[in-house]
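To keep things clear, I will list the structure first and then write my remarks on it.
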């Protein structure tokens with residue numbers, strides 16, 4: 001017998017939560033059914049302990065999550081299987097054997113077991129918020145309530161395809177500068193470890209007077225060679241810290257403000273967040289999620305603090321009876337005038353989801369074009385930067401040689 005923490009609802013809509021012992025979740029569901037409740041979610045006490053036992057594991061899981069292409073593969077194929085009449089537990093079990101990500105494989109296996117025990121798919125996915133976003137859960141929940149799970153999966157597939165394309169376009173544009181910079185760093189490290197110590201030995205033996213820049217290079221080279229393990233540890237910490245900073249969703253007010261104020265990058269950040277917000281709201285409205293809830297879910301899908309906050313405040317305004325176009329017009333520094341003008345047209349014609357979808361397409365194309373322009377600007381700037389570093393290094397090494405030659409004369 002295991003103890004489960006559960007949430008349940010009765011036929012009158014009242015919710016109840018607590019702890020109960022049962023052999024498995026199926027028995028728990030039966031016991032609650034006898035009391036007039038049906039199970040919404042449940043988690044064993046042992047599972048909760050495992051979840052909180054390793055903060056470091058959770059930290060790494062947050063950084064190295066399930067890739068978007070894996071989730072897109074799952075969603076697309078699940079929609080096909082549901083359409084052809086394959087039962088949900090069997091479909092998910094089959095897909096769990098086809099995905100490559102180990103974490104995702106384990107989650108899908110557990111989902112298949114939970115659904116077999118009588119739980120809803122959206123309720124099961126709520127146990128894995130880092131893998132299945134609130135957008136994913138809400139869309140599936142509406143599909144289950146309306147009996148149109150296939151349509152809900154199709155909406156999610158379209159949403160994820162556009163999101164994947166947007167991220168791929170940004171990554172592709174930044175690939176060349178990243179590779180060039182990475183190779184430059186690697187060559188620099190090799191030079192500091194192997195070439196610079198030999199030059200230092202030569203200059204020391206010849207008792208040559210060294211300028212400040214040359215001494216600084218030699219000090220750094222000594223640190224790398226004598227404390228290579230510490231240097232490697234610092235590099236790993238910097239990489240993991242950077243990834244954590246990029247993926248962080250909360251406590252990022254200062255970072256968001258800095259990003260929005262950087263020339264060129266700030267414009268791309270605004271356009272990207274606008275495109276994601278519009279795409280998410282459009283997908284949720286198309287799936288049948290109420291507009292207030294759509295805005296709340298969309299705010300959670302964004303990473304920029306100011307865009308998150310704007311959608312939360314807009315959802316409050318809409319709940320009070322203000323039109324979404326009117327509410328969004330209060331944020332001219334975040335959203336272009338085109339957004340609330342087109343949104344107003346959508347509200348007047350009753351085609352808000354379609355209008356938002358077209359706007360999202362437009363801004364996603366803008367992000368692609370802006371990112372390519374940024375890459376074109378970065379390439380010459382990177383060449384100048386690397387040339388400057390090489391020139392500084394060369395001059396620092398050549399100057400002692402010139403001094404030595406002058407002393408010989």
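Here, each number is a calculation from the coordinates, and none is a lab measurement. None of the values given here were measured: they were computed from a predicted structure. Note that we place each Cβ from the backbone using ideal geometry, even for glycine, and neighbour counts take in every protein chain shown.
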Out of all Cα-Cα pairs in the stretch 62-132, roughly what percent, to the nearest whole number, are more than 18 Å apart? 33 percent
Quick one: if you stick a label point 7 Å off each Cα along the C-beta vector at residue 404 and residue 106, how many nm between them? 5.8 nm
Per the rule of 0.36 nm per residue minus the C-alpha distance, extending residue 97 to residue 326 adds in nm 77.6 nm
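Starting from the Cα-Cα distance between residue 189 and residue 223, subtract it from 0.36 nm times their residue separation and give me the gain in nm to one decimal. Don't jump to the answer; show the numbers that get you there.
Values: separation 34, 0.36 × 34 = 12.24 nm, distance 1.16 nm.
Residue separation times 0.36 nm, minus the Cα-Cα distance, leaves 11.1 nm.
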Calculate the FRET efficiency for residue 84 and residue 164 from the Cβ-Cβ distance with a Förster distance of 22 Å, rounded to the nearest 0.05. 0.35
Length gain on complete extension for the stretch residue 316 to residue 148, per 0.36 nm per residue less the alpha carbon to alpha carbon distance? 57.6 nm
Between residue 381 and residue 206, how many nm apart are label points set 7 Å from Cα along the C-beta direction? 3.9 nm
Relative contact order for the stretch 228-358: what percent, with Cα pairs under 8 Å and sequence separation of 6 or more? 22 percent
Relative contact order of the stretch 149-409: what whole-number percent is it, with Cα pairs under 8 angstrom and at least 6 residues apart? 26 percent
Between residue 172 and residue 253, what is the spin-label point distance in nm, taking each point 7 Å from the Cα along the Cα→C-beta axis? 3.9 nm
Taking the C-alpha atoms of the stretch 302-409, how large are the radius of gyration and the largest Cα-Cα span, Dmax, in Å? 26.8, 89
Calculate, axis by axis, the spread of Cα positions in the chain along the three principal axes, and write the results as whole Å, longest axis first. 101, 58, 38
